[in-house]
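The values are calculated or read from the model by the stated rules, or taken from the named source; none is laboratory data. Keep in mind that this is a model prediction, so the values were computed, not measured. Here the Cβ positions follow ideal geometry from the backbone for every residue, glycine too, while neighbour counts run over all protein chains shown.
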């Protein structure tokens, strides 16, 4: 049987139309060869959700957003239809959460599975809500800090201005010069360290020996310190303050006596300050000395005269 040219053209056109429809549904995310259930959710805000956005259960894509349309009753509510693989059992208390698919763009619906033992059936209506996005959370967190951030920026600007005033070209030059001096000193110390390495090692060895000696004589040192502590306590108990006070009083009295002698007061003062008394005493002692010498040289004369009186003739 011969097929006419018109029938061939019509068949090709029909196949093309069917392929176009299937391709369109596929691009919308409709599962062409998988049986699905349809669920409805009513939102007051869909946050940019569109048809063919994914529907996930625990991170697994279980379906797509099939349709988004405005309920034309003046309420402003939006009806969203979901196409979900019928192999998934959806509890009645499941929540459909609209959230961001990526940090950059795109939205999705995540089915938060409930705990009810009763399961939904195709064309049932689920509860839904819009999750707070990360950006909104950051905005809510940062908003109370805006005033503090502004104050910090102002203070930082003041600090930078103050630093600019401090770090003048002259100050920068001085700092560079100081750093150069520090480098020179470091190099000098390195040279000294290299040249005196043996001496440093010997000094450290002696210090270790001295430390070992102190450790070995720790008992003796402890006893000595205890003796010093005992002496200190004895001095404290001896009422050193009263003793010093008495000594100060005695020195004050002695100072008064010395001043009186210097001023010629009393016998001692007259003896020290009166020249005539001194001269008389000196002459008396001189005459006494002459008398003693004469007595020594002529004892008979003085013995006869002084002891037995005049001899009778």
Unique match (being modelled with pLDDT of 80 or more, out of contact with any helix residue (DSSP H, G or I) (no Cβ under 8 Å at 6 or more places or on another chain), on the phi < 0 side of the Ramachandran plot and outside the structural domain of residue 39 (by TED's automatic domain parsing)) among 174, 148
174
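Yes/no per residue for (1) surrounded by 10 or more Cβ atoms within 10 Å (Cβ to Cβ); (2) modelled with pLDDT of 80 or more:
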{"site": "210", "(1), (2)": "yes, yes"}
{"site": "259", "(1), (2)": "yes, no"}
{"site": "266", "(1), (2)": "yes, no"}
{"site": "286", "(1), (2)": "yes, yes"}
{"site": "306", "(1), (2)": "no, no"}
May I ask you to list pairs of residues, at least six apart or on different chains, whose Cβ atoms are under 8 Å apart, with the first in region 185-201 being part of a helix (DSSP H, G or I) and the second being modelled with pLDDT under 70?
200/193
Just checking, how many residues over region 42-71 are surrounded by fewer than 18 Cβ atoms within 10 Å (Cβ to Cβ), touching a residue at least 60 places away in the same chain (Cβ under 8 Å) and closer than 13 Å to residue 107 by Cα?
2
Every listed condition ((1) part of a helix (DSSP H, G or I); (2) at pLDDT below 80) holds for residue 132 save (1)
Residue that is surrounded by the fewest Cβ atoms within 10 Å (Cβ to Cβ), among those in region 81-120 that are in a strand (DSSP E or B) and over 56 Å from the mean Cα position of the chain (by Cα)
119
